[in-house]
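**Student:** Please find one structure pasted underneath; my questions will follow.
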Amino acid sequence: MAKKLPATQVVIVGLGWAGSILAHELAEEGLNVIAFERGPWRDTAVDFNIASAPDELRYSRRQELMLRNAQNTCTVRNTPSETALPMRTWGSFHPGNGTGGAGNHWAGITFRFQPHEFRLHSYLTERYGKELSKELTLQDWGTDWSEMEPHYAAFEKLAGISGKAGNLNGTLVEGGNPFEGPRSIEYPNPPTAQTYAPMLFAEAATNMGYKPFPVPSALLSQAYTNPLGVKMGPCTFCGFCTNYGCANYSKASPIISVIPALVRKRNFTAKTDCEVLRVVLDSTGKKATGIIFADSSGDEWEQPADLVIVTAFTFENVRLMLLSGIGKPYDPATNTGTTGRNYAYQTANSVRMFFDDKNFNPFIGGGAIGMGIDELNNDNFDHSGLGFVGGGSTRVTPIGAPPIDSRPVPPGTPAWGSKWKAATVKNYLSFMSIGCEASSYSMRTNYLSLDPTYRDPRGRPLLRITFDFPENDRRMSAYVTGKVMDIARTMGAREFYPSSQTGHWNTKPYQSSHVVGGFVMGADPSTSSVNKHLQVWDVPNLFVVGASAFPQNPGYNPTGTVGALAFKAAHAIRNYYLKRPGEMISV
Ligand SMILES: Cc1cc2nc3c(=O)[nH]c(=O)nc-3n(C[C@H](O)[C@H](O)[C@H](O)COP(=O)(O)OP(=O)(O)OC[C@H]3O[C@@H](n4cnc5c(N)ncnc54)[C@H](O)[C@@H]3O)c2cc1C
Ligand code: SF4
């Protein structure tokens, strides 16, 4: 029996980007906020000291910043007819743990989604009508660009994003991304400098008529003080960025950009090493009364609260809802139910290129330094007659080439011995790749549910992922990779090797941590779990915020939109919910 603690006004579950933004906004409002984080407290000066931060064995190979699989994992299968098995090491994606969440070890590429994304089903139906594949379960988000734009701007200012606007208030701006939606502000910081490989790509793309732009980056190009008064320094291109914390206060993250201001507030408390086990509902099932959590000794406690906000990342957002009996579990056989619905991923494509006469100095880099093009993304090209919808963001972003992982050798090279060593020496400096991070559209048989067999150490069912790439996405992947090959061919490489999505989803190679859906937003409670304010239908004092709300995934990275949704939910709570607490917001 959990022991009951004194009540608070707000409980937040998880202290990543979404949780820390909401905690700060609601503490600003004067509310008493307690945030629960299952992992340890992390602090830049202590945990990411410059003397220890660039440790490839510790952070990349041994995955120190990631959730331990023994604490919690998920089971996986490709289709509903298969038996799912547990993931015993992280491969395909890298879930975070501890204050900052995956925002510590992310790469920092920070796109906004395009305006049509928020009404994707309506938009594509209007444009392609009967051509749209019946396999897809695309949905509108129940919101629109005018409602999202101010919150994107708020997140960019908070994180100090470095970039170049392509569309300022409807006027196209040379040098930026011409496909982005109209922005109310220029990026808070100018683009970062570029290394050689992105410049070579941009030159080739320009010669072919594309319009390259600097990838919008949470790696700061210059010293910056954000609206919370937190100071950040310029990126040094140290090359230990993705999968690492930044020692230099240069990569925006919750622990660099938000939590230093948050911990100064007397009405904020963080409880780390405390795992939330479920949300508690009253006897009507329509009001959350708090949460149950386990502390580091394993003891269980009940924390009563007026308002519960779950920001525990896609997987745990959905699992907590299923474990708490919130929403009807999704059933792919009948296409009914909402909790677990429309789970989607990202489709990873690339072309690897080996040159004879180039030196890219690949150890100089960072997670989000690079140049991209958007002509092959989403609906930025005419899909009539192509047999698919969607596309990908194409870019060269050299993240650094650390000594263990970075051994670029052409296919056919022996995996060890003197020939492998000679090939490493020959190719290390003169290798680059073009990536194309592409859309992943939802389909009926891709969903999240509780596993009937496998349990965590506390005896609770693991989350089960049922996922494979829709035929639509495989066709899209082949098409866009072919177009990327056309660019690669003009760049003068000795050898190049395309990689598109041909087989089934496989959990072993890292693809991206851009897992979305399962507790999606929308205007219709029969097909969505939360309204456009991220408020749970029928449980008005519960908000669930994160990429779990995306009904499908465009060809962009998610965190700009996760941050915008966190600001959007906070805005709704501050301006509407608190005026009529306990009611669904109707504006
Ligand atoms: C290697 C890598 C590279 C990435 N690169 C990019 C990129 O370039 N661009 C981009 O847009 N995105 C990128 N991402 C994705 C990005 O990191 C996430 O979108 C973002 O961190 C999500 O923020 P969040 O607050 O929703 O979740 P998280 O950051 O995961 O935070 C959730 C927090 O909740 C805690 N938690 C979970 N369950 C519980 C529980 N039951 N009780 C208490 N606490 C709990 C977790 O420990 C975690 O700290 C990358 C991710 C990874 C791993
Ligand atoms: S590349 Fe830049 S932002 Fe990334 S860890 Fe190094 S200094 Fe920090």
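The values are calculated or read from the model by the stated rules, or taken from the named source; none is laboratory data. Note that the coordinates shown come from a computational prediction; the quantities given were computed from them, not determined experimentally. Here the Cβ is made from the backbone with ideal geometry for all residues, glycine too, and neighbour counts use every protein chain on show.
**Student:** Of (1) at pLDDT 95 or above; (2) assigned to a loop (DSSP other than H, G, I, E, B), Met432 satisfies all except one. Which?
**Tutor:** Met432 satisfies every listed condition except (2).
**Student:** Taking Val562 and the conditions (1) touching a Gly at 6+ places or on another chain (Cβ under 6 Å); (2) of a type in the set (Val, Ile, Thr); (3) surrounded by fewer than 24 Cβ atoms within 10 Å (Cβ to Cβ), which numbered condition does it fall short on, given that it satisfies the others?
**Tutor:** (3)
**Student:** While we're on this one: If we keep just the residues of segment 60-85 that are among the small types (Gly, Ala, Ser) and at pLDDT 95 or above, which is farthest from Thr242 (Cα to Cα)?
**Tutor:** Here is the first cut: in segment 60-85, the residues among the small types (Gly, Ala, Ser) are 60, 70, 81, 84.
Those left that are additionally at pLDDT 95 or above: 81, 84.
On the way: Ser81: 36, Ala84: 29 Å.
The selected residue is Ser81.
**Student:** Filter segment 435-470 down to the residues that are outside any strand (DSSP E or B) and free of Cβ contacts under 8 Å to residues at least 60 places away in the same chain and list them by number.
**Tutor:** At the first step, the residues of segment 435-470 found to be outside any strand (DSSP E or B) are 439, 441-442, 444-446, 456-460, 467-470.
Hit for segment 435-470 is Gly459, nothing else.
**Student:** From the list Phe381, Phe388, which one is free of Cβ contacts under 8 Å to residues at least 12 places away in the same chain, surrounded by fewer than 24 Cβ atoms within 10 Å (Cβ to Cβ) and of a type in the set (A, V, I, L, M, F, W, C)? Let's see the steps before the verdict.
**Tutor:** Working: Phe388 fails: free of Cβ contacts under 8 Å to residues at least 12 places away in the same chain.
Being free of Cβ contacts under 8 Å to residues at least 12 places away in the same chain, surrounded by fewer than 24 Cβ atoms within 10 Å (Cβ to Cβ) and of a type in the set (A, V, I, L, M, F, W, C) holds for just one of Phe381, Phe388, which is Phe381.
**Student:** Sticking with this one: Any residue in segment 44-59 that is under 30 Å from Leu219 (Cβ atoms), at pLDDT 95 or above and in contact with a strand residue (DSSP E or B) (Cβ under 8 Å, 6 or more places away or on another chain)?
**Tutor:** no
**Student:** Search segment 512-523 for residues being in a loop (DSSP other than H, G, I, E, B) and surrounded by 20 or more Cβ atoms within 10 Å (Cβ to Cβ), and hand back the single one that is farthest from ligand 1 (Cβ to nearest atom). Before you say what the answer is, go through the steps one by one.
**Tutor:** Start the filter on segment 512-523 by keeping residues that are in a loop (DSSP other than H, G, I, E, B), which leaves 512-515, 519-520, 522-523.
Among the residues that remain, those that are also surrounded by 20 or more Cβ atoms within 10 Å (Cβ to Cβ) are: 513-515, 519-520, 522.
Values: Ser513: 4, His514: 6, Val515: 9, Phe519: 12, Val520: 14, Gly522: 19 Å.
So, considering only residues that are in a loop (DSSP other than H, G, I, E, B) and surrounded by 20 or more Cβ atoms within 10 Å (Cβ to Cβ), the one farthest from ligand 1 (Cβ to nearest atom) is Gly522.
**Student:** Next question, about the same structure. crowded, with 18+ Cβ neighbours inside 10 Å and either assigned by TED's automatic domain parsing to the domain that holds Gln9 or touching a Cys at 6+ places or on another chain (Cβ under 7 Å) (or both), is that true of Ile34?
**Tutor:** Values: crowded, with 18+ Cβ neighbours inside 10 Å: yes; either assigned by TED's automatic domain parsing to the domain that holds Gln9 or touching a Cys at 6+ places or on another chain (Cβ under 7 Å) (or both): yes.
Taking the combined requirement at face value, the residue satisfies it.
**Student:** For segment 233-248, which positions are more than 12 Å from ligand 1 (Cβ to nearest atom), buried (at least 24 other Cβ atoms within 10 Å of the Cβ) and closer than 13 Å to Thr192 by Cβ?
**Tutor:** Result: Cys235, single match.
**Student:** Checking the condition surrounded by 16 or more Cβ atoms within 10 Å (Cβ to Cβ), closer than 25 Å to Val515 by Cα and of a type outside the set (D, E, K, R), which residue from Pro260, Pro329 passes? Give the steps one after another, and end with the answer.
**Tutor:** Values: Pro260 fails: closer than 25 Å to Val515 by Cα.
The match here is Pro329.
**Student:** Moving on. If I go through segment 353-370 residue by residue, how many of them are surrounded by 24 or more Cβ atoms within 10 Å (Cβ to Cβ) and away from ligand 2 (no atom under 16 Å from the Cβ)?
**Tutor:** Counting residues in segment 353-370 that are surrounded by 24 or more Cβ atoms within 10 Å (Cβ to Cβ) and away from ligand 2 (no atom under 16 Å from the Cβ) gives 1.
**Student:** Starting from segment 234-255, keep only residues that are under 8 Å from Thr44 (Cβ atoms), then list their pairs with residues that are in a strand (DSSP E or B) and more than 6 Å from ligand 2 (Cβ to nearest atom) whose Cβ atoms are within a distance under 7 Å, requiring at least 6 positions of separation or different chains.
**Tutor:** So the pair list comes out as Tyr249/Met232.
**Student:** Just need a number here: residues in segment 294-303 that are away from ligand 1 (no atom under 15 Å from the Cβ) and assigned to a strand (DSSP E or B).
**Tutor:** Matching residues across segment 294-303 total 0.
**Student:** While we're on this one: Scan the strands (runs of 3 or more DSSP E) fully inside segment 1-120 and keep the ones with 3 or more residues being over 30 Å from Pro191 (Cβ atoms) and more than 11 Å from ligand 1 (Cβ to nearest atom).
**Tutor:** Numbers: elements: 8-13, 33-37, 74-77.
Hits in segment 1-120: 8-13, 74-77.
**Student:** Could you look through segment 270-293, keep only residues that are more than 26 Å from the chain's Cα centre (by Cα) and in a strand (DSSP E or B), and pick out the one that is surrounded by the most Cβ atoms within 10 Å (Cβ to Cβ)?
**Tutor:** Of segment 270-293, the ones more than 26 Å from the chain's Cα centre (by Cα) are 280-290, 292.
Retained after the next criterion (residues that are in a strand (DSSP E or B)): 280-281, 288-290, 292.
Values: Val280: 18, Leu281: 18, Ala288: 26, Thr289: 17, Gly290: 22, Ile292: 18.
Among them, the one singled out is Ala288.
**Student:** Within segment 400-412, can one find any residue that is outside the structural domain of Tyr330 (by TED's automatic domain parsing), of a type in the set (Gly, Ala, Ser), over 30 Å from Val516 (Cα atoms) and part of a loop (DSSP other than H, G, I, E, B)?
**Tutor:** yes
**Student:** Pick from segment 216-232 the residues that are surrounded by 21 or more Cβ atoms within 10 Å (Cβ to Cβ) and either without any contact (Cβ under 8 Å) to a residue 40 or more places away in the chain or of a type in the set (Ser, Thr, Tyr) (or both): which of them is nearest to ligand 1 (Cβ to nearest atom)?
**Tutor:** Selected residue: Ser217.
**Student:** While we're here: Just checking, which of Glu174, Glu180 is more than 30 Å from Leu429 (Cβ to Cβ) and either in a helix (DSSP H, G or I) or touching a strand residue (DSSP E or B) at 6+ places or on another chain (Cβ under 8 Å) (or both)?
**Tutor:** Working: Glu174 fails: either in a helix (DSSP H, G or I) or touching a strand residue (DSSP E or B) at 6+ places or on another chain (Cβ under 8 Å) (or both).
Answer to the check: Glu180.
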